[in-house]
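Note sheet for the following structure.
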Amino acid sequence: ALAEHRRVLRQAFAAHGGVEVDTQGDAFFVAFPTAPGALATATEAQAALELPVRMGVHTGTPLLAGEGYVGMDVNRAARIAAAGHGGQVLVSASTQALADGFELRDLGEHRMKDLGAAERVFQLGTADFPPLKTLYQTNLPVPATPFLGRARELAEVVESLTREEVRLLTLTGPGGTGKTRLALQAAGAAAERYPHGVWWAPLATVVETTSVLDAAGRALGVAGAPAPAIADRRLLLLLDNFEHVVEAARDLAALLAECPNLDLLVTSRERLGIAGEYVYPVPVLARAEARTLFTARARALRPDFEPDGAVDELCERLDDLPLALELAAARVVLLTTEQLLERLSRRLDLLRGGRDADARQQTLRATIEWSYELLEPAEQQLFARLAVFAGGCTLTAAEEICGAELDTLQSLVEKSLLRVRGGGRFWMLETVRHYSLERLAESGEAEAMRRRHGRFFLELAESANLAAERITEQRFDLVLPDQDNARAALDWALTADPVLGLRLAVALEHFWVSYGAIEGVDRTQALLDCVETPELRARALRAVGSSADQAGRGQLAEACYEESLRAYRKLGDDWGVAHLLMRLAHSAHSRGAGNEARELAAASLEISRRRGFATEEIQVLTLEGTLMCEGGDDVRGTMLLEESARRAGEIGFIWWQVVALQRLVEHLLSRGRGDDAESHARQALRLVGRIGDAPRRVYLIALLARAAALRRDAERAGRLWGALEAEVARKPLPWN
C-alpha cells in the first residue's frame, strides 16, 4: 500500500515540475516552480489516491541549507498541511493570490502552533470537512476591517466568560452599537479556553422561535437540535441577533441544563430574562474611539483625509454609534466634514422631534435614512430590492432577481450600506436590512421581488439534482450557501404560492435528508396540505417519507410511502410505482420483515426491468444481495452487491455505488474476509470524497480499521481508529 501511495504521488509531482525535497514514511515535502503547478498536482493526486490524504500548499521564500530547505516558510507550509483532514487540500493566502482558475473556499483566520500571527487559510474545492485542526476551532466570520477601540469593554466581556458561574452572557444595546462586532472579538479572544471550539450562529434569518436550536445545530454542523452533539464538550456558542426570537430563551435554559460544559454568548436588543443570565450593556464608543473609527473609515475611501474639529461634533451628533459613524464617513469623498455636519444635523433634528423611541435608535435610523436619501434613484431602487435576500446573495442572484449592475452594487458597498464577504457574497447588516425592508414594502415591488426570488431559488434547487428523480449528479454545494434564501422562499410561498413552495421543498428532498430531516418533514408537510395537484402531491409525500426515514420516524415514513404509491398508481406513473415499491422494500427490511421486503423488491424489480428504470433496479439489487447474504447465500449475495455497485458506477449513480460497496464491506467483514473488505472500502472512500458525505467517510474509515484488525495489522488499525476518535471528538457528525 505504501509503495502504491508513493508511486501515485511521485507521478503527479513529475507531471508539474515538482522536486522532492524530503520523504518520511507516507509524507512528502515537494517544491514547485509555480503555485498553479502545485495546486494542479494536489487536485490530480487526490483523485488518484485510494485513501484520503491531507495536503498543504504555501508560497514563500525558504532558505537553502545543507540538509535542504529550512526557515519560517517551510514551517508555515507544514503547519498548514497538518491542520487539514484526509482528502482536504489547504492553501495559504500567498498561494491563493496566485491561484487563477482554481476554486478556493475561504476558511478564515486560524491560529497555528509556533506561528505568531493568525493565518488566513483557503481550501481547494468546495467539499465539506470538519473544522481545521488548529489551536482552536471556530466558524467565526473574518471581519473585513480591524477592531478599533473598545479595549475596556473587550477585556470585561472576556473576563466575564472566564468566570465559572457565567454560562449565559447577553450583550444588550440598540442596533448599531457594535454588539455583534464586540461579541465576535470576545469569542475569538476567549477561544483558547474552549477545546471544542467557539461557534457563531447568526439568527437574523430565523423566523420561528422553534427554529433557534436548529440554527445552533447548523452552526455546529449537525442536523436538528445541538444538545446530543454537544453533550459534555467544552465549547462556546455565540447566538447573534436574538431579540426577535426572545421567546426561545427557555430553550437556552434547557440546553444549558443538558450540556454542563457549554457557555452561551448572546447579542440582543433586550435581556432574555431567564435564570442564570448575566447582562452586559454595550455602551457607545468613547469619544476618542469614535473619532478614531470615523477617521479610519474615511481614510479607507480618501487616504489624505485629516480629522478636524467638525469630526468631534459629528461624533457627538451621531451619539458615538459605530454604524452611524461608518455611514457618515462613507460620504467624505464628496462632502467636507462641515457639510456632513450641517446636513446630518438638519436630518437628526427633524427626525428626533416628538419621538418616544430610544434616542440612540433614533440617531441610527436618521443616519441610515439620510444615507439612503443621498443615493441616486437607481441605487435607492437596488438598495430596497436587495432586502429580499436572507443571508446574502451572489452577484448572479442580485443581477437576475434585482436587475443589479455591478457598478451600483460597488457604490452601495463603498457607502457602507452593503457588505461583501469572501467568495463574492453581498450582505447587509441586520439594522440596515430592516430599513431596506421598509423601503421595499413602500416601493410596491415587494411581491414581484419575492416571486422572482422564489423562482430563482427553485431553479437553483432543481439544478442541484437533490430530488429522487435526478439523483445521479447531486450538487449540495449549490444549495448550502443559499439555504437561508431557500427557507425565506418557503416561508413566503406558504401563503403566497404553495405550489412553488412545494416544488422547492421537493427539489430539496436530499438536502433535508442530509442537513435537516425534521425540518424537511415539517416544511414539506405544511405545504402539502395547501396543494391538490396529484403529481406534485405524490412527489411531496415521497419527500416527506425520505425525511421521516432519516429522522427515525419509520411509521410516518412508511405511511407516506404507501400514500405516495397509491397516488403514483392512480396517475399511471410506472417510475413512481417502481421507486416507491423499492422504498417500501427497504423499510420492510429495516424493521426485520424479510419476506415482505422480498415481495416488494420483486415487484419493483419487475417494473424497473420492463421499463428500464436503472437507478431503481440497482437499489433493489443491493437490497436483494443484502437479504441473500443475511440468509446464508454468500456467493449469490456477494455477486449481487458487486453487480449493483458496478452498475451504479457505470451510470454515475455515485451515492448508491458507495452504499452498495459499504453493504458489501460489512458483509465481507462479518465473514472474516479482511483483505477483500479493505479493497472495496478503499474504492468507496475514493468515491465518497466526490460527493462530500463526511459521516459516511468516517464510517468507511472505521470499516478499514476493522479490516486491518482482522488482518492482525494492529499498528494500522490503531492509527485508523485513533484518527477516528480524534475526528469525532473535534466535531460531532450528523449520524442517522
For this session: Mind listing whichever residues of region 552-585 are without any contact (Cβ under 8 Å) to a residue 60 or more places away in the chain and not in a helix (DSSP H, G or I)?
Result: ARG553, GLY572, ASP573
Exercise. With LEU235, LEU264 as the choices, which residue is in the same structural domain as PRO195 (by TED's automatic domain parsing), at pLDDT 90 or above and under 12 Å from LEU168 (Cβ atoms)?
Worked result: LEU264
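Is there a residue in region 553-563 that is at positive phi and at pLDDT below 95? Reasoning before the result, please.
Just the residues of region 553-563 that are at positive phi, to begin with: none.
No, the conditions are met nowhere in region 553-563.
Looking at region 217-227, can you tell me whether even one residue there is of a type in the set (Lys, Arg), touching a helix residue (DSSP H, G or I) at 6+ places or on another chain (Cβ under 8 Å) and either in a loop (DSSP other than H, G, I, E, B) or surrounded by fewer than 16 Cβ atoms within 10 Å (Cβ to Cβ) (or both)? Can you show your working first?
The first filter runs over region 217-227 and keeps only residues of a type in the set (Lys, Arg), leaving 218.
After this cut, where a residue has to be touching a helix residue (DSSP H, G or I) at 6+ places or on another chain (Cβ under 8 Å) as well, the list is 218.
Pick out the ones that are also either in a loop (DSSP other than H, G, I, E, B) or surrounded by fewer than 16 Cβ atoms within 10 Å (Cβ to Cβ) (or both) and you get none.
No, region 217-227 contains no residue that is of a type in the set (Lys, Arg), touching a helix residue (DSSP H, G or I) at 6+ places or on another chain (Cβ under 8 Å) and either in a loop (DSSP other than H, G, I, E, B) or surrounded by fewer than 16 Cβ atoms within 10 Å (Cβ to Cβ) (or both).
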Problem set entry | Positions within region 8-31 being crowded, with 19+ Cβ neighbours inside 10 Å and touching a residue at least 40 places away in the same chain (Cβ under 8 Å), in sequence order | LEU9
Seminar exercise, completed: Of the candidates ARG331, ARG302, ARG297, the one satisfying the condition of being surrounded by fewer than 16 Cβ atoms within 10 Å (Cβ to Cβ) and among the basic types (Lys, Arg) is ARG302
Exercise. Among all residue pairs at least 6 apart or on different chains, which show Cβ distances below 8 Å where the first residue, located in region 589-601, is in contact (Cβ under 8 Å) with a residue 12 or more places away in the chain and the second is among the charged types (D, E, K, R)?
Worked result: GLY594/GLU630; ARG598/GLU624; ALA601/GLU624
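From the list PHE426, PHE456, exactly one residue is within 24 Å of GLY108 (Cα to Cα) and either charged (D, E, K, R) or buried (at least 17 other Cβ atoms within 10 Å of the Cβ) (or both). Which is it? Give the derivation first.
Working: PHE456 fails: within 24 Å of GLY108 (Cα to Cα).
Just one listed residue meets the conditions, PHE426.
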Exercise. Taking region 194-210 as the region of interest, how many residues are loosely packed, with under 15 Cβ neighbours inside 10 Å and either outside any loop (DSSP other than H, G, I, E, B) or at positive phi (or both)?
Worked result: 1
Exercise. Take the residues of region 409-442 that are more than 18 Å from ALA390 (Cβ to Cβ) and not hydrophobic (A, V, I, L, M, F, W, C): which is farthest from the chain's Cα centre (by Cα)?
Worked result: GLU442
Problem set entry | Selection status of LEU135, under 18 Å from ARG111 (Cβ atoms), outside the structural domain of ALA249 (by TED's automatic domain parsing), assigned to a loop (DSSP other than H, G, I, E, B) and at pLDDT 80 or above | no
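For region 32-87, give me every one of the strands (runs of 3 or more DSSP E) that falls completely inside it and has 3 or more residues that are of a type outside the set (D, E, K, R) and surrounded by 15 or more Cβ atoms within 10 Å (Cβ to Cβ).
Working: elements: 55-57, 63-65, 68-70.
Once the strands (runs of 3 or more DSSP E) in region 32-87 are filtered for at least 3 residues that are of a type outside the set (D, E, K, R) and surrounded by 15 or more Cβ atoms within 10 Å (Cβ to Cβ), what remains is 55-57.
If you take the residues of region 269-289 that are in a helix (DSSP H, G or I) and in contact with a helix residue (DSSP H, G or I) (Cβ under 9 Å, 6 or more places away or on another chain), which of them is surrounded by the most Cβ atoms within 10 Å (Cβ to Cβ)?
GLU289
Are any residues in region 155-191 surrounded by fewer than 16 Cβ atoms within 10 Å (Cβ to Cβ) and not in a loop (DSSP other than H, G, I, E, B), and if so, which ones? First the steps, then the outcome.
In the first step, residues of region 155-191 are kept if they are surrounded by fewer than 16 Cβ atoms within 10 Å (Cβ to Cβ); the result is 155-156, 159, 162-165.
Once the filter is applied, which keeps residues that are surrounded by fewer than 16 Cβ atoms within 10 Å (Cβ to Cβ) and not in a loop (DSSP other than H, G, I, E, B), region 155-191 yields ALA155, GLU156, GLU159, THR162.
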Exercise. What about LEU272, is it of a type outside the set (S, T, N, Q), within 16 Å of GLY173 (Cβ to Cβ) and modelled with pLDDT of 95 or more?
Worked result: no
Exercise. Within region 326-348, can one find any residue that is free of Cβ contacts under 8 Å to residues at least 12 places away in the same chain, within 17 Å of THR363 (Cβ to Cβ) and not in a loop (DSSP other than H, G, I, E, B)?
Worked result: yes
For this session: Return yes or no: is LEU386 under 20 Å from GLU326 (Cβ atoms) and modelled with pLDDT of 90 or more?
Result: yes
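Given the residues LEU124, LEU140, LEU98, which is the only one that is touching a Gly at 6+ places or on another chain (Cβ under 6 Å) and either at pLDDT 80 or above or surrounded by 18 or more Cβ atoms within 10 Å (Cβ to Cβ) (or both)? Reasoning before the result, please.
Details: LEU124 fails: touching a Gly at 6+ places or on another chain (Cβ under 6 Å); LEU98 fails: touching a Gly at 6+ places or on another chain (Cβ under 6 Å).
Sole residue among the options that is touching a Gly at 6+ places or on another chain (Cβ under 6 Å) and either at pLDDT 80 or above or surrounded by 18 or more Cβ atoms within 10 Å (Cβ to Cβ) (or both): LEU140.
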For this session: Looking only at region 591-607, decide whether some residue is buried (at least 19 other Cβ atoms within 10 Å of the Cβ), touching an Asp or Glu at 6+ places or on another chain (Cβ under 7 Å) and within 28 Å of ARG690 (Cα to Cα).
Result: no
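Would you point out which residue out of LEU669, LEU565, LEU640 is within 30 Å of PRO534 (Cα to Cα) and of a type outside the set (Val, Ile, Thr)? Quick ask: steps written out before the conclusion?
Working: LEU669 fails: within 30 Å of PRO534 (Cα to Cα); LEU640 fails: within 30 Å of PRO534 (Cα to Cα).
Answer to the selection: LEU565.
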Exercise. Which condition breaks for GLU247 when tested against (1) in a helix (DSSP H, G or I); (2) more than 30 Å from GLN550 (Cα to Cα)?
Worked result: (2)
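If you go through region 550-564 one residue at a time, how many are within 18 Å of GLU509 (Cα to Cα) and surrounded by fewer than 23 Cβ atoms within 10 Å (Cβ to Cβ)?
So the first thing to find is which residues in region 550-564 are within 18 Å of GLU509 (Cα to Cα), and the list is 550-554, 556-564.
The next check asks that each one be surrounded by fewer than 23 Cβ atoms within 10 Å (Cβ to Cβ); those that pass are 550-554, 556, 558-559, 562-563.
Adding up the residues that qualify gives 10.
Return yes or no: is LEU49 touching a residue at least 60 places away in the same chain (Cβ under 8 Å) and not β-branched (Val, Ile, Thr)?
Answer is yes for this residue.
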Seminar exercise, completed: Picking from THR180, THR145, the residue that is at pLDDT 85 or above and of a type outside the set (A, V, I, L, M, F, W, C) would be THR180
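Taking the condition in contact (Cβ under 8 Å) with a residue 60 or more places away in the chain and among the aliphatic types (A, V, I, L, M), does LEU440 pass? Working first, answer last.
On the way: in contact (Cβ under 8 Å) with a residue 60 or more places away in the chain: no; among the aliphatic types (A, V, I, L, M): yes.
Spelling it out, it is not the case that LEU440 is in contact (Cβ under 8 Å) with a residue 60 or more places away in the chain and among the aliphatic types (A, V, I, L, M).
The values are calculated or read from the model by the stated rules, or taken from the named source; none is laboratory data. Because the structure is a prediction, the values reported are computed rather than measured. Quick reminder, even Gly has a Cβ in these numbers, built from the backbone with ideal geometry, and neighbours come from all protein chains shown.
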